[in-house]
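Encoded as structure tokens, here's the structure I'll be asking about.
Derivation of every value follows stated rules applied to the coordinates shown; laboratory data play no part. Fair warning: this is a prediction, and the values are worked out from it, not measured in the lab. FYI the Cβ positions are ideal-geometry reconstructions off the backbone, even for glycines, and counts take in every protein chain you see.
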Amino acid sequence: MYTADIRKPLVLGGKTYTDVTNDICRPIENKPTNSWWLGFSIAVLLLLVLAGTLAWTVWEGIGTWNVNKSVMWGWDITNFVFWVGIGHAGTLISAVLLLFRQKWRMSINRSAEAMTIFAVFCAAIFPLFHMGRVWLGFWPLPLPNAFGSLWVNFNSPLLWDVFAISTYLSVSLVFWYLGLIPDIATIRDRATTKARKFWYGFFAMGWNGSAKAWGRYEVVALILAGISTPLVLSVHTIVSMDFATSVIPGWHTTIFPPYFVAGAIFSGFGMVLTLLLIARHVMNYENYITSEHLEAMTKVILLTGSIVGVAYITEFVIAAYSGYEYEQYAFANRMFGPYAWAYWTMMFCNLMAPQVFWSKWARTTPWFIFVISIVVNIGMWFERFVIIVTSLHRDFLPSSWVMYHATWVEVGIFLGTFGLFFTCFFLFAKFLPVINMAEVKTIIKDKE
Amino acid sequence: MVDKSILLDNKKFTVGTFTDSDKLLHAVETLRKKEVKIFDCYTPFPVHHLDHALGYTRTNLTIGAFLCGMLGTLSGFTLAYSMNVVDWPMIIGGKPQDINVFTSFIPVIFELTILFTAFGMVIMFFARNRMIHGIKEDLLDRRQTDDHLLLAIDNSEEQSLSNDEIQSILINEGAVKVKGNVESFNTSLTTEEDLEIVIGNNEGAAVIN
């Protein structure tokens with residue numbers, strides 16, 4: 001195949017196939033490092049916070065949260081949309097970039113997909129516990145109803161969400177596992193302990209890399225990518241419909257689906273960069289996750305950040321133009337009301353901060369990208385907070401206007417989900433190859 | 001654990017070991033031109049055009065996937081329609097609950113289509129490759145999932161050329177190692193010395209040009 005000489009190689013350091021195997025299997029086959037233990041301990045500590053605050057919520061009741069009349073969705077749904085959004089980058093990298101034949105995706109897709117799955121775990125916690133009686137969490141499923149004569153309501157976007165999120169989680173898991181099988185087989189064939197041989201052998205499902213199997217594998221991966229692409233768009237579209245199909249000023253806008261999807265990809269890439277910059281530094285993967293990769297991802301951030309910025313402005317212009325005073329007030333209240341600080345934080349973090357990536361220096365300087373990726377994460381959390389809280393806290397009836405502040409339980413649950421997320425990620429980094437060995441071996445000779 | 005029986009029928013193979021995917025591909029093309037029947041190739045990563053070179057036709061999994069997807073579409077529609085229209089129509093905002101509300105069933109129908117396609121296809125993929133949890137793998141080389149690309153020829157099959165001729169072709173095509181009588185094994189049979197070879201040294205490692 002012809003590749004232009006101006007392209008830089010995708011894998012640096014003149015690696016051989018064996019080097020790739022050795023480099024990527026090293027963290028799995030060796031004892032965990034001190035930095036791994038440190039990070040893992042902090043994550044588990046936060047996970048305990050999650051367990052504690054959730055237990056308290058269940059024990060004492062949903063009244064431990066400040067969600068109430070007027071603001072019936074607070075931090076919980078903010079966090080739900082935040083985590084679901086983060087998940088989207090994983091599917092975008094593994095599915096959309098596969099369809100576009102972007103080879104740079106190959107060394108980052110594994111960890112991005114893992115991130116997707118863990119983020120959806122975190123997201124699912126919020127609506128489930130927000131229902132109040134978590135032990136009745138199976139009620140949204142279309143089960144024959146023994147408690148009355150009702151079935152679930154298929155007209156409701158909340159039910160669409162149940163289907164969308166559960167499909168998204170299961171399809172992402174399947175896609176991820178399918179990609180892992182050849183790599184698990186590699187670890188199986190190098191295993192030096194009985195336990196490792198048994199477990200990796202169990203999950204490798206007898207993979208031996210036959211050309212017939214690879215042929216089918218590639219077709220299956222392509223079709224999965226093809227169906228995951230509309231899936232990922234549908235998931236955040238449906239999440240946005242939770243808002244857009246309501247009659248709340250500030251929510252019922254038709255721009256929501258594309259705006260939410262762009263925002264989801266934006267926030268997801270923010271989180272991918274945060275994770276990968278740590279992983280490549282701690283695990284010495286600079287030759288696999290090169291500055292070319294970082295640059296490509298920052299370009300996606302720049303693009304999606306700008307789309308989100310245009311959406312913010314469009315939303316405002318449409319509200320002003322609508323001639324509908326409640327809609328106009330909702331937006332004026334966002335900008336200049338009691339939550340103006342949140343609105344301007346969002347505007348700064350999402351619209352202005354990513355514009356630094358027009359500069360080549362900013363796109364290729366890891367520590368700087370890391371800082372901006374954190375800024376993006378914060379900004380996208382505030383976006384959901386602004387949409388939810390500012391639209392609810394002042395409704396049509398001024399007598400029911402309230403201010404909303406989270407309680408320590410709500411804050412604890414949110415921090416706790418980071419514990420869950422990072423605990424899962426640290427375990428993943430210890431037991432599974434963070435980079436897709438089989439795919440990286442195909443591009444070792446290639447250029448971008 | 002169950003044995004996987006694709007290779008384990010006490011077959012003997014002539015195996016050429018390559019360390020370069022282009023050379024493997026060329027060797028396959030050369031052998032096929034001379035009408036040598038190749039059993040299969042085993043590679044640690046997908047080699048482009050290898051399945052075409054081996055003369056494999058495109059898998060029918062896509063048709064299966066399409067059928068599963070159709071089943072999903074039908075299930076989604078049946079689910080929503082039977083519950084919300086036939087069994088218990090919910091009147092919301094005074095709107096009629098009949099076939100006209102079909103549009104609000106579309107998200108669920110769509111999600112179930114995707115779900116059925118993905119799971120149906122992957123289950124068919126596993127079935128077609130005889131992959132299941134706990135099955136024992138059958139390998140011809142400890143490093144076939146690391147850096148060795150294998151070309152396997154079944155010795156019991158009748159060939160247009162003699163085994164020696166095939167072996168010399170393999171060597172000419174750049175195989176780093178050719179063995180005449182290889183039986184498949186699984187890693188649980190591996191001894192300590194084998195592990196030395198796999199993990200310990202880099203001898204025989206592939207070199208990228």
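State, to one decimal in nm, how far the label point of residue A:314 lies from the label point of residue A:51, with both points 7 Å from Cα in the Cβ direction.
4.6 nm
Same structure again: Among the GluC sites (Glu not before Pro) in the stretch A:225-315, which ones are in a DSSP loop with at most 15 other Cβ atoms within 10 Å of the Cβ? Mind listing them?
Within the stretch A:225-315, the qualifying GluC sites (Glu not before Pro) (loop, at most 15 other Cβ atoms within 10 Å) are A:286.
If I build a Gaussian network model for chain A, linking alpha-carbon pairs within less than 10 angstrom, which residue out of A:109, A:377, A:333 has the largest mean-square fluctuation?
The residue with the greatest mean-square fluctuation here is A:333.
Which FRET efficiency value, to the nearest 0.05, is calculated for residue B:179 and residue B:58 with the Förster distance at 35 angstrom and r the Cβ-Cβ distance?
Values: r = 32 Å, r/R0 = 0.91.
Step by step, r from the Cβ atoms, then E = 0.65.
If one takes the longest principal axis of the Cα atoms in chain A, at what angle in degrees, from 0 to 90 and to the nearest 10, does the Cα axis of helix A:75-91 lie?
With both axes taken from Cα atoms, the answer is about 30 degrees.
For the charge dipole of chain A, defined by +1 on Lys and Arg C-beta atoms and -1 on Asp and Glu C-beta atoms about the Cα centroid, which residue among A:403, A:112, A:329 has the Cα displaced farthest towards the positive pole?
A:112
How big is the dipole moment of the stretch A:17-443 about its Cα centre under a simple scheme where the beta carbon of each Lys and Arg is +1, that of each Asp and Glu is -1, and everything else is neutral? Debye, nearest 20, please.
1140 debye
Continuing with the same structure: Under Stokes-Einstein, with the Kirkwood radius over Cα pairs standing in for Rh, what whole-number D in µm²/s applies to the stretch A:281-339 at 10 °C and 1.306 mPa s? Please report the intermediate quantities before stating the final value.
Working: Rh = 14.5 Å.
Taking Rh from Cα pairs, D becomes 109 µm²/s.
Size of the dipole of the stretch B:42-172 about the Cα centre, Lys and Arg at +1 and Asp and Glu at -1 on the beta carbon, nothing else charged, in debye to 20?
Around 700 debye, computed over the stretch B:42-172.
How large is log10 I(q)/I(0) at q = 0.07, 0.09 Å⁻¹ when the Debye formula is applied to the Cα atoms of the protein assembly as shown, each weighted equally and without solvent?
Calculated log10 I(q)/I(0) at the listed q: -0.52, -0.82.
Tell me which lysines have Cα within less than 24 Å of residue A:360's Cα, excluding those fewer than 8 residues away on the same chain?
A:8, A:103, A:299, A:447
Next up: Identify, among A:440, B:120, A:272, the residue whose Cα sits farthest towards the positive end of the charge dipole of the protein assembly as shown, taking +1 on the Cβ of Lys and Arg and -1 on the Cβ of Asp and Glu, with the dipole about the Cα centre.
Positive-end residue among those listed: A:272.
What ranking of A:107, B:160, B:104, A:267 emerges when the number of other C-beta atoms within 10 Å of each C-beta is taken as an exposure proxy, fewest first?
Ascending Cβ contact count within 10 Å gives the list B:160, B:104, A:107, A:267.
If you take every residue apart from residue A:53 with its C-beta less than 13 Å away from the C-beta of residue A:53, what net charge results, scoring Lys and Arg +1 and Asp and Glu -1? Walk me through the intermediate numbers first.
On the way: positive: none; negative: A:60, A:76, A:410.
Result for the local shell: -3.
Can you compute the modelled spin-label distance between residue B:157 and residue A:101, with each label point 7 Å from Cα toward Cβ, in nm?
Placing both labels 7 Å along Cα→Cβ, they lie 3.1 nm apart.
Counting Lys +1, Arg +1, Asp -1, Glu -1, what net charge surrounds residue A:314 among other residues with beta carbon under 15 Å of its beta carbon?
On the way: positive: A:334; negative: A:315, A:327, A:383.
So the environment of residue A:314 carries a net charge of -2.
Choose one answer from A:398, A:433, A:32: the residue with the largest mean-square fluctuation in a GNM of chain A with alpha-carbon springs under 10 Å.
Per the Cα network of chain A with a 10 Å cutoff, A:398 tops the list.
For helix A:291-322, report the angle its Cα long axis makes with the longest principal axis of the Cα atoms of chain A; keep it between 0 and 90° and round to the nearest 10°.
Tilt relative to chain A: about 20 degrees.
Go ahead and run the numbers for FRET between residue A:247 and residue A:344, Cβ-Cβ distance against an R0 of 25 Å, rounding to 0.05.
The pair residue A:247/residue A:344 has a calculated efficiency of 0.35.
Evaluate 2.2 N^0.38 Å with N set to the residue count of the stretch B:61-128, then give the Cα radius of gyration divided by it.
Rg over 2.2 N^0.38 Å, computed on Cα atoms: 1.36.
If you don't mind, another one. Based only on other Cβ atoms within 10 Å, what is the fewest-to-most ordering of A:118, A:80, A:336, B:119?
So the ranking, lowest neighbour count to highest, is A:336, B:119, A:118, A:80.
Now for a separate question. Tilt of helix A:211-244 relative to the longest C-alpha principal axis of chain A, in degrees (0 to 90, nearest 10)?
Taking the Cα atoms of chain A, the angle to A:211-244 is about 10 degrees.
What does the charge add up to near residue A:383, with Lys and Arg as +1, Asp and Glu as -1, over the other residues with Cβ less than 14 Å from its Cβ?
Within the 14 Å Cβ shell, the charges total +1.
What nm distance separates the two modelled labels at residue A:8 and residue A:143, each placed 7 Å from Cα along Cα→Cβ?
For the pair residue A:8/residue A:143, the computed spacing is 5.5 nm.
Most exposed first by the Cβ proxy, i.e. fewest other Cβ within 10 Å, how do A:133, A:190 rank?
Lowest to highest Cβ neighbour count: A:133, A:190.
Would you tell me the mean number of C-beta atoms belonging to other protein chains that fall within 10 Å of each C-beta in A:192-201, as a whole number? It would help to have the intermediate numbers written out before the result.
On the way: counts 4, 0, 1, 0, 0, 3, 3, 0, 1, 9.
Counting Cβ atoms of other protein chains within 10 Å of each residue's Cβ and averaging gives 2.
Additional query: Charges only on Cβ, +1 for Lys and Arg, -1 for Asp and Glu: so what's the dipole of the stretch A:47-149 about the Cα centre, in debye to the nearest 20?
420 debye
Here's a follow-up. Which one, A:129, A:365, A:65, is farthest towards the positive end of the dipole of the stretch A:17-443 when Lys and Arg carry +1 and Asp and Glu -1 on their Cβ?
Final value for the positive-end residue is A:365.
Using the Kirkwood radius over Cα pairs, work out the Stokes-Einstein diffusion coefficient for the stretch A:280-394 at 20 °C and 1.002 mPa s, in µm²/s as a whole number.
Translational diffusion coefficient: 137 µm²/s.
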